[in-house]
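Worksheet: the structure to be examined is printed underneath.
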Amino acid sequence: METENPVNCKYMGRSFNDLSINDDSTAFSDCNSDRSGEFPSASSQNRRLVLACANSENSDELIRQLVSDLDSCSIDEQKQAALELRLLAKNKPENRIKIAKAGAIRPLISLISSSDPYLQENGVTAILNLSLCDENKELIASSGAIKPLVRALRTGTSTAKENAACALLRLSQVEENKVAIGRSGAIPLLVNLLENGGFRGKKDASTALYSLCTVKENKIRAVEAGIMRPLVELMADFGSNMVDKSAFVMSVLVPVPEAKTALVEEGGIPVLVEIIEVGSQRQKEIAVAILLQICEDSVLFRTMVAREGAIPPLVALSQSGTNRAKQKAETLIELLRQPRSGNAAARHSDVSV
């Protein structure tokens, strides 16, 4: 598996070995446990019972009974058991280990393949909640969860799709799972969710893609699936609350040549220049880092960026941005002001002073 190293950009004798942004933690609200609310099919009495048992010595016995009910011949009993396990795993972190040790993971994975949409949804979400425990991630993946989660991403309810994306994100935090998830067909489905999902779906898809696309072959899959169009569209829409997330995803993609070309073809340069003009400080820094990467080896792309009017806002950023943003802006300005000869920059850097 080939994981990308930080980009190493050298220009005129100056090395910029980290074009990434310092903090992406606030850009991505991590896919945490079940956020779809309480369950209308479970009575208030049952919910209170589950929560009460979760705080008592009887919780182990309850969990064993619920796991047994997952294999029931009655769909209603399976639904109730999946609902209650989902809630137990959501509300009490220590239950996530108990539920896994009680043998729930394989029967829950089987429910993900159910033709009943709500049984599938609760199976997906229970697996998501269990995957929040680091000790469970490898067991969930090795038990065969990846392909059923991908099927749920294709055929499930909107909630099942969103929670499947989150579950795949959590599994991708084990590095070895990233290639398996990419090869299972998840990337095009996540791109589709990014483009066509609701706001939560877009957020969950972008977070999962950001994690998965640290692997080179997944970057290429994402580009081939047409990811640049929705990324550019979301970055252009400042009211979408997706500018930062989309830009971070784009920043992990552009080291591969296919992504640079696709970004330009989808009209990304004007959008990036506009972000440098009117975006937040963090958005400006990400945009400059992306433009540096696409311009580094392409005279044509430098010309396009310069003609788009990038130099004035870059000059302003070089005077008023963060230290990292100033450094990137100054480097890009120097690059754009060089003669439009393919070897000009190289010749300039070789001149002795």
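The values are calculated or read from the model by the stated rules, or taken from the named source; none is laboratory data. What you see is a predicted model; the values in this text were computed from it and never measured. Positions of Cβ are generated from backbone atoms using ideal geometry, with glycine treated the same way; all protein chains shown enter the neighbour counts. Heavy atoms of the whole protein, side chains included, go into the accessibility calculation; ligands, DNA and RNA do not. Shrake-Rupley method; radii C 1.70, N 1.55, O 1.52, S 1.80 Å.
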Handout entry: FRET efficiency estimate (nearest 0.05) - Cβ-Cβ, GLN173 to SER280, R0 25 angstrom
Key = 0.35
Exercise for the section: Assuming R0 = 25 Å, can you tell me the calculated FRET efficiency for the pair SER113 and THR261, based on Cβ-Cβ distance, to the nearest 0.05? Expected result: 0.05
Problem - Label-to-label distance, nm, for residues given as PHE238 and ALA316 (7 Å Cα→Cβ offset) - result: 1.0
Exercise for the section: Compute the separation of the alpha-carbon centres of segment 170-242 and segment 85-127 and state it in Å as a whole number. Expected result: 24
Practice task
Would you mind working out the magnitude of the charge dipole of segment 107-171 relative to its Cα centre, with +1 at each Lys and Arg C-beta and -1 at each Asp and Glu C-beta, to the nearest 20 Debye?
Solution key: 240
Problem - Shape of segment 163-283, Cα gyration tensor, a/c cut at 1.5 - result: prolate
Practice task
Loop only per DSSP, at most 14 neighbouring Cβ atoms within 10 Å: give me the GluC sites (Glu not before Pro) in segment 128-205, ordered by residue number.
Solution key: GLU175, GLU176
Handout entry: Derived scalar couplings ³J(HN,Hα) [segment 137-149; Karplus, 6.51 cos²θ - 1.76 cosθ + 1.60; whole Hz; x for Gly, Pro]
Key = 4, 5, 5, 4, 5, 5, 7, x, 7, 4, 5, x, 5
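Starting with the highest mean, order 257-265, 66-74 by the number of other Cβ atoms within 10 Å, averaged over the residues of each peptide.
Numbers: 257-265: 18.6, 66-74: 15.8.
Highest mean packing first, the order is 257-265, 66-74.
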Handout entry: Rounded if a/c under 1.5, otherwise prolate or oblate - segment 125-215, Cα gyration tensor axes
Key = prolate
Practice task
Under 18 Å from a label point 7 Å along Cα→Cβ of SER72: give me every residue in segment 109-147 with its amide N that close.
Solution key: 109-112, 114-124, 126
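Leaving out ligands, DNA and RNA, and with a 1.4 Å probe, what % of the accessible surface on segment 244-296 is carbon or sulfur?
C and S atoms contribute 48 percent here.
Rank by packing, highest mean first: peptides 235-245, 286-296, with packing defined as the count of other Cβ atoms within 10 Å averaged across residues.
Values: 235-245: 17.7, 286-296: 25.5.
For the peptides 235-245, 286-296, the packing ranking is 286-296, 235-245.
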Practice task
Can you tell me the FRET efficiency between ASP60 and THR155 if r is taken as the Cβ-Cβ distance and R0 is 41 Å, rounded to the nearest 0.05?
Solution key: 0.75
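Starting from the Cα-Cα distance between SER143 and ARG229, subtract it from 0.36 nm times their residue separation and give me the gain in nm to one decimal. Working shown, then result.
Working: separation 86, 0.36 × 86 = 30.96 nm, distance 3.53 nm.
Gain on extension, SER143 to ARG229, equals 27.4 nm.
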Handout entry: Anisotropy class of segment 66-155 from Cα gyration tensor, a/c 1.5 cut
Key = oblate
